[in-house]
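One structure is given below, encoded as structure tokens.
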Amino acid sequence: MSENPVIESLLVANRGEIARRVIRTANRLGIRTIAVHSDVDAGLPFVREAAEAVEIGPANPALSYRNAEAILAAAKQTGAAAIHPGYGFLSENAGFARAVADAGLIWIGPSADAIAAMGDKINARNLMAAAGVPVAPGTTEPAGSLDAALAEAERIGFPVMIKASAGGGGMGMAPAYDDAAFRTEYEKVRGFAERMFGDGSVLIEKYFPSVRHIEVQILGLADGRVVALGERECSVQRRNQKLVEESPSPASMLTPQRRAALHAAAVRAGEAVAYRNAGTVECLLDPATGDFFFLEMNTRLQVEHPVTEAVFGLDLVEAQLRVAAGLPVEVPTHPVGHAIELRINAEDPKRFLPGPGVISTWVEPTGEGVRVDSGYASGDTVTPHYDSLMAKLIAYGADRAEAVERARAAVAGFAIAGPKNNLPFFTELLANEEFLSGDYDTAIVTRMR
């Protein structure tokens, strides 16, 4: 996959490391790249590395990166042929995807209908159940009142997870272990959902205190087929937000038979909504039984896509562009080796609270099997307006042990001064016996703290 995928110009409707990542592939393919940026991001690397750049608004993302009208105006102004949304912001906004298509532009992602179908968690659960994808015990429609929701929780059996139906990315969810906690958390989640998503609908699901978070990368091809590109282990989390991802999963209970079943279920999930382009089917794996359950589907490129690229030798952004252009993609059949990604955030390494600031030192590690996808460089400012992610450090090896060793060396060689950063946490994690065993769950960070 090296020829230009018949898209002459591409506007990247995002910022930071993912904008830079998409621009890098597009530049390599000879595609004219266009960056859009807020006023505070004008000096960041992704703006400099694009062929053109358009300022679309102030720091407030609602007035810039989530401003669909401003982004479409920039596309018209620059003559863009296509729009890549990256992740976050408008990437899973069905209305924006539809507006892009209505404007005669190529949308680098699944159809607006597929985004809408999977964007509502209750609807997505019901679709998956109908397609034969395992789902955890839970509700099939929004509860009309607190009492009705509590009755459902008692039917399912405590503990339960209360989720905003329109939420995603770990936001708008809380566990409840009994009636009293449920009453408190239900109102919190519903209120948060109304403020953040404009939709107070709430889903109740069985909660598994000890669980692994495993996801499958799928790719819906232009010829209508949906393929699975292995799985990623995402169980190192803080506040339901991922910190580390690896591929393949080191979970001992993920036998070849279970792995095949997991991948097959993810393919069925994509087929159920006629999925095209890159997407991720997220699942929970019960360590006690080895059973897995559908969690949600992310209808976009994931933050952690580089570990899949490393073990499959595939550029997923190029694959996205080819699918959007109606071209075939050569899909590798088996992963080779092991890859680990560490999210380098501007946050303190103990409580994980944001710590933005001016970067006075930024020295990225190098070496065999080491890759850094960064959004910043020395002299740049990490502002409090956006996510704290500064870079992703990816280490690849012939096996997990080699990947871990290369990750350790890379963390030691990554020099950052100015903003707070979580590199010390990764030094600790990469020496942690539970993590090194491969048999850990989503509570590992809590146990470390």
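Please give me the summed charge of the neighbours of Val411: other residues whose Cβ is under 14 Å from its Cβ, Lys and Arg +1, Asp and Glu -1. Before the final figure, lay out the partial values.
Details: positive: Arg343, Arg371, Lys392, Arg406, Arg408; negative: Glu341, Glu364, Glu405, Glu428.
Cβ neighbours under 14 Å give a net charge of +1.
Once amide H atoms are built 1.01 Å from N in the peptide plane, which residues 5 or more positions from Thr139, or in another chain, come under 5 Å H to H?
Amide H to amide H, under 5 Å and 5 or more residues apart or across chains, Thr139 pairs with Ile204.
Quote the FRET efficiency, to the nearest 0.05, computed for Ala129 versus Ala443 with a Förster distance R0 of 30 Å and r equal to the Cβ-Cβ distance. Don't skip to the end; give the middle numbers.
Details: r = 27 Å, r/R0 = 0.91.
The calculated FRET efficiency here is 0.65.
Add +1 for every Lys or Arg and -1 for every Asp or Glu among the other residues with Cβ under 13 Å from the Cβ of Asp441, and state the total.
Working: positive: Arg212, Arg447; negative: Glu233, Asp286, Glu434, Asp439.
Here the charged neighbours net out to -2.
One-quarter of the Cα convex hull surface for region 201-302, in nm²?
Details: hull surface 28.5 nm².
With the hull built on Cα positions only, its mean projection is 7.1 nm².
Whole-Hz Karplus ³J(HN,Hα) for region 417-426, in order, using 6.51 cos²θ - 1.76 cosθ + 1.60 and θ = phi - 60°, x for Gly and Pro?
9, x, x, 5, 8, 9, 4, x, 5, 5
Output the relative contact order of region 319-449, whole-number percent, from Cα pairs under 8 angstrom with separation of 6+ residues.
Details: 216 pairs, mean separation 39.7, N = 131.
That works out to 30 percent.
What is the order of Glu282, Glu205, Glu330, fewest Cβ neighbours within 10 Å to most? Walk me through the numbers before you get to the answer.
On the way: Glu282 18, Glu205 23, Glu330 8.
Exposure proxy ranking, most exposed first: Glu330, Glu282, Glu205.
As a test of understanding, state the convex hull volume per residue of region 194-238 from its alpha carbons, in Å³. Mind dumping the intermediate values first?
Working: hull volume 7.9 nm³, N = 45.
So the per-residue Cα hull volume is 176 Å³.
Could you tell me which residue out of Val363, Phe352, Val404 lies farthest along the dipole of region 297-449 toward its positive end? Charges go on the beta carbon: Lys and Arg +1, Asp and Glu -1, centred on the Cα centre.
Phe352
Please report the relative contact order for region 212-448, taking Cα pairs under 8 Å with a sequence separation of at least 6, and give it as a percent rounded to a whole number.
On the way: 506 pairs, mean separation 50.4, N = 237.
Taking the mean separation of contacting Cα pairs over the length of region 212-448, I get 21 percent.
Report, please, the projected area of region 9-108 averaged over directions, based on the convex hull of its C-alpha atoms, in nm².
Working: hull surface 20.9 nm².
So the Cα hull casts an average projection of 5.2 nm².
Pairs of Cα atoms under 8 Å, at least six residues apart: use those to get the relative contact order of the chain, whole percent. Walk me through the numbers before you get to the answer.
On the way: 1009 pairs, mean separation 66.3, N = 449.
Taking the mean separation of contacting Cα pairs over the length of the chain, I get 15 percent.
Return the ratio Rg/(2.2 N^0.38 Å) for region 212-448, where Rg is computed over Cα atoms only.
Ratio of Cα Rg to 2.2 N^0.38 Å: 1.01.
Let me know the number of lysine pairs in the chain closer than 15 Å at the Cα, not counting same-chain pairs under 8 apart. Display every interim value, and only then the final one.
Working: Lys121/Lys163; Lys121/Lys206; Lys163/Lys188; Lys163/Lys206; Lys242/Lys392; Lys350/Lys420.
For the chain, qualifying lysine pairs total 6.
Using a cut-off of 14 Å between beta-carbons, work out the net charge of the residues near Asp179 (Lys and Arg +1, Asp and Glu -1, Asp179 not included).
Details: positive: Arg155, Arg183; negative: Asp147, Glu152, Glu154, Asp178, Glu185, Glu187.
Every neighbour counted, the sum reads -4.
Sort Met128, Met297 by Cβ crowding within 10 Å, fewest neighbours at the top.
Working: Met128 24, Met297 32.
Starting with the residue having the fewest Cβ neighbours, the order is Met128, Met297.
Around Lys420, which amide H atoms from residues at least 5 apart in sequence, or from another chain, sit under 5 Å from its own amide H, with H modelled in the peptide plane?
Placed amide hydrogens put Gly355 under 5 Å from Lys420.
Treating only the Cβ atoms of Lys and Arg (+1) and Asp and Glu (-1) as charged, compute the dipole magnitude of the chain about its Cα centre; round to the nearest 20 debye.
Values: 42 positive and 56 negative charges, 64 e Å.
That gives a dipole near 300 debye.
Cα convex hull of region 137-206: mean projected area in nm², to one decimal?
On the way: hull surface 15.6 nm².
Mean projected area for region 137-206: 3.9 nm², to one decimal.
How big is the C-alpha Rg of region 89-129 next to the rule-of-thumb value 2.2 N^0.38 Å, as a ratio?
On the way: Rg = 11.1 Å, N = 41, 2.2 N^0.38 = 9.0 Å.
Taking N as the residue count of region 89-129, the ratio is 1.23.
Can you compute the helix-only [θ] at 222 nm over the chain? Use -39500 (n - 2.57) per DSSP H run of at least 4 residues, normalise by all residues, nearest 500 deg cm²/dmol. All intermediate terms of the calculation are to be shown ahead of the outcome.
Numbers: 15 runs with 150 residues, N = 449.
My calculation for the chain gives -10000 deg cm²/dmol from helical runs alone.
Enumerate the amide H contacts of Ile106 below 5 Å, restricted to partners 5 or more residues apart or on another chain; note that Pro and chain-start residues carry no placed amide H.
Excluding prolines and chain starts, which carry no amide H, the hits are Ala82, Ile83.
Step through the residues of region 224-240 one at a time and calculate ³J(HN,Hα) from phi using the Karplus curve (6.51 cos²θ - 1.76 cosθ + 1.60, θ = phi - 60°), rounding each to whole Hz and writing x for Gly and Pro.
So the J values, rounded to whole Hz, are x, 6, 10, 10, 9, 10, x, 10, 10, 8, 10, 8, 7, 9, 10, 6, 6.
Stokes-Einstein at 10 °C, 1.306 mPa s, Kirkwood radius from Cα pairs: D for the chain in µm² s⁻¹? It would help to have the intermediate numbers written out before the result.
Working: Rh = 22.3 Å.
Rounded, D is 71 µm²/s.
Every number here is computed from the coordinates shown, using simple stated rules; none is lab data. Keep in mind that this is a model prediction, so the values were computed, not measured. Cβ atoms come from the backbone with ideal geometry, glycine included; neighbour counts cover every protein chain shown.
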